[in-house]
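Chemist: I have a structure I would like to understand better, so I am pasting it below and will then ask my questions one at a time.
The values are calculated or read from the model by the stated rules, or taken from the named source; none is laboratory data. Just so you know, these numbers come straight off a predicted model, no measurement behind them. Neighbour counts are summed over all protein chains in view; Cβ atoms, including those assigned to glycine, are modelled from backbone coordinates with ideal geometry.
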Ligand code: DGJ
């Protein structure tokens with residue numbers, strides 16, 4: 001619900017459990033008042049006071065300084081000396097930016113984006129209109145409300161109404177000023193094969209910043225940032241988060257000033273973004289999701305999970321049974337062989353797997369990673385009768401078929417590149433870098449997009465497919481475009497991203513029944529932007545179950561179980577004394593959507609039996625995992641991992657717990673259960689909800705790894 005109180009000039013946004021409040025002051029400015037649990041004490045929150053060295057607004061008086069007042073948006077060189085959210089370059093050459101509040105309106109629903117991912121089905125939206133009187137630029141700042149998931153999203157539109165060209169230099173459209181408290185900053189950092197590990201430090205004076213300049217959201221820093229009270233736990237205390245619905249270059253930061261205030265911001269990366277707005281043109285920013293919890297980081301994550309499931313992921317797929325796949329990559333790499341695939345399919349069917357996914361290597365001359373990328377026609381040496389006949393054979397065996405693509409890229413050794421060297425991103429007269437022996441297509445050019453989309457459509461026109469894995473295997477460098485004029489080169493990276501989204505839209509619309517899985521050399525593009533098109537994303541190329549524990553735990557901070565592809569493989573990197581067995585691997589895969597990525601023809605009879613049982617179990621518990629509330633277990637030590645997933649009606653839950661640190665833990669308290677209910681375990685033991693919450697559950701001493709599935713006792 002959004003309300004305007006004219007007596008106090010107060011604008012209030014309420015969700016189920018939160019209140020966001022701002023105040024229009026001196027008719028021209030929008031001050032930030034409050035974001036937190038519902039409260040009746042907003043009236044006295046706004047304060048003005050003089051501070052030395054804080055520039056003040058001359059015609060209002062020394063008490064009013066943009067440096068000391070908390071604001072909804074801050075503007076470069078306008079008296080706010082902290083890092084500011086919005087910067088434009090005026091036609092006169094200066095960059096001083098100051099937008100004044102002009103008006104606002106509240107409306108049902110939201111502004112939908114044509115060319116970018118966004119959060120669907122908003123309840124209501126607040127539009128605040130600002131004008132920069134010097135540049136003639138108008139700024140429409142939006143707050144869309146999603147009451148049930150306790151989330152608000154922020155996005156904006158800039159419109160140039162002057163005769164001159166205005167350059168947008170920085171658009172950190174989500175800003176949150178927090179006045180007091182001792183906080184830690186949480187980010188999800190990592191690297192290739194080590195994605196999204198939780199990084200948490202007490203905030204210190206200055207700026208703590210994460211970013212991507214790679215043209216994809218990146219393995220290194222996920223577009224997510226949270227502030228958590230230092231004393232908060234998974235289950236208690238206050239926390240705030242921002243998450244970008246965007247897959248390209250971004251920045252997110254927390255700045256603590258000496259007055260103790262903290263400013264959280266997220267937006268496009270200022271180093272790699274600029275945009276020329278000509279007369280009458282507009283520019284829409286991508287969207288940032290904001291949430292608040294006063295019940296620890298579990299509730300923070302649950303809000304984001306609910307938001308992503310209800311408002312980002314395609315509703316057609318979000319709760320539908322997910323395919324249990326056998327993916328060829330780790331067992332075959334580029335050695336795709338039709339006969340072996342058919343044997344895989346036969347075995348997969350016996351095991352209960354439902355989808356065979358042919359990974360890289362099925363097209364063009366693609367026998368290794370140096371050749372053929374971009375040539376989207378089937379390799380007739382590998383598939384003698386073509387893909388249609390092969391697909392028919394697979395379907396006749398009662399299996400579904402999936403296939404791998406990487407539409408944004410080419411090898412220099414490819415037919416497409418030979419014909420169109422001008423179609424890749426490049427800077428005039430500068431030699432470019434290769435990465436994984438490939439180059440990036442210039443998706444600022446619609447012709448390139450249309451060509452690739454048509455080729456892929458043509459290749460799959462007759463082929464029945466149920467699954468497409470969409471990969472992206474290099475970061476961008478030398479990201480110039482021969483297609484764009486010199487004055488628009490600063491727009492290349494964002495235009496490239498818009499081109500990627502256009503491609504995603506076209507291909508997902510061309511194959512509306514197909515489940516798309518996102519991927520980027522593992523989890524290099526794991527973000528809410530991609531989830532708008534692909535209901536799940538390949539989490540990491542690291543499939544070692546021990547390494548996966550911290551990757552998946554970090555990922556769960558911002559993304560639901562249903563988004564996390566988790567395959568059981570035979571690749572082990574860890575140095576535990578005993579290699580994790582198939583039970584352990586399965587328990588870890590419960591943190592995501594189960595699949596297999598190994599040579600299923602080589603399974604021992606014992607493991608074959610295990611896989612069969614795992615698949616049956618997985619089908620039974622998948623609805624709970626896709627739809628339930630996930631609570632990471634509280635108070636774990638290093639080497640312990642675990643969560644419970646509780647159905648929304650609390651009638652059922654699943655506990656996954658792993659102890660790789662040899663910690664002598666006997667009991668663990670659970671969360672989120674109905675304290676009055678009786679729960680029955682798979683083995684028939686009955687527990688009172690209250691007991692599980694307060695005294696905890698005893699963990700079997702003889703196994704290091706365990707998994708339980710409880711249902712509520714009916715009597
Ligand atoms: C990187 C992906 O993460 C892998 O799973 C696999 O699809 C390879 N690319 C194929 O080139």
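Chemist: Looking at segment 410-433, can you tell me whether even one residue there is surrounded by fewer than 20 Cβ atoms within 10 Å (Cβ to Cβ), at negative phi and within 16 Å of the ligand (Cβ to nearest atom)?
Modeler: yes
Chemist: Can you pull out the helices (runs of 4 or more DSSP H) entirely within segment 283-374 that have at least 1 residues that are at positive phi?
Modeler: Values: elements: 296-307, 315-318, 329-332, 338-351.
Ranges flagged: 296-307.
Chemist: Does any residue of segment 438-446 turn out to be more than 24 Å from the chain's Cα centre (by Cα), surrounded by 18 or more Cβ atoms within 10 Å (Cβ to Cβ), in contact (Cβ under 8 Å) with a residue 24 or more places away in the chain and part of a strand (DSSP E or B)?
Modeler: Scanning segment 438-446 turns up at least one residue that is more than 24 Å from the chain's Cα centre (by Cα), surrounded by 18 or more Cβ atoms within 10 Å (Cβ to Cβ), in contact (Cβ under 8 Å) with a residue 24 or more places away in the chain and part of a strand (DSSP E or B).
Chemist: What tally of residues in segment 589-621 results from selecting those that are in contact with a strand residue (DSSP E or B) (Cβ under 9 Å, 6 or more places away or on another chain), more than 16 Å from the ligand (Cβ to nearest atom) and part of a helix (DSSP H, G or I)?
Modeler: Count: 8.
Chemist: Could you list, in sequence order, all residues of segment 364-389 that are buried (at least 17 other Cβ atoms within 10 Å of the Cβ) and more than 18 Å from residue 440 (Cβ to Cβ)?
Modeler: 378, 379, 382, 383, 387
Chemist: Which one of 318, 357 is within 16 Å of the ligand (Cβ to nearest atom), touching a helix residue (DSSP H, G or I) at 6+ places or on another chain (Cβ under 9 Å) and in contact (Cβ under 8 Å) with a residue 60 or more places away in the chain? Break it down stepwise before answering.
Modeler: On the way: 318 fails: within 16 Å of the ligand (Cβ to nearest atom).
Exactly one residue qualifies, and that residue is 357.
Chemist: Another question about this same structure. Taking segment 505-548, which residues are within 15 Å of the ligand (Cβ to nearest atom), in a helix (DSSP H, G or I) and surrounded by fewer than 24 Cβ atoms within 10 Å (Cβ to Cβ)? Working first, answer last.
Modeler: So the first thing to find is which residues in segment 505-548 are within 15 Å of the ligand (Cβ to nearest atom), and the list is 516-526, 530, 534, 536-544, 547-548.
Going one step further and asking which of them are in a helix (DSSP H, G or I), we end up with 530, 547-548.
Listed by number, the list holds a single entry, 547.
Chemist: Got a sec? Which of 192, 201 is in a strand (DSSP E or B) and touching a residue at least 12 places away in the same chain (Cβ under 8 Å)? Give the derivation first.
Modeler: On the way: 192 fails: in a strand (DSSP E or B).
Answer to the check: 201.
Chemist: Sticking with this one: In this structure, does residue 597 turn out to be in contact with a helix residue (DSSP H, G or I) (Cβ under 8 Å, 6 or more places away or on another chain) and buried (at least 20 other Cβ atoms within 10 Å of the Cβ)?
Modeler: Working: in contact with a helix residue (DSSP H, G or I) (Cβ under 8 Å, 6 or more places away or on another chain): yes; buried (at least 20 other Cβ atoms within 10 Å of the Cβ): yes.
The answer is yes for residue 597.
Chemist: Can you name the condition, by its number, that residue 402 falls short on among (1) touching a residue at least 60 places away in the same chain (Cβ under 8 Å); (2) away from the ligand (no atom under 16 Å from the Cβ)?
Modeler: With (1) touching a residue at least 60 places away in the same chain (Cβ under 8 Å); (2) away from the ligand (no atom under 16 Å from the Cβ) applied to residue 402, the lone miss is (2).
Chemist: Continuing with this model, one more query. Inspect segment 626-639 for any residue being modelled with pLDDT of 95 or more, part of a helix (DSSP H, G or I) and more than 16 Å from the ligand (Cβ to nearest atom) and give the result as yes or no.
Modeler: yes
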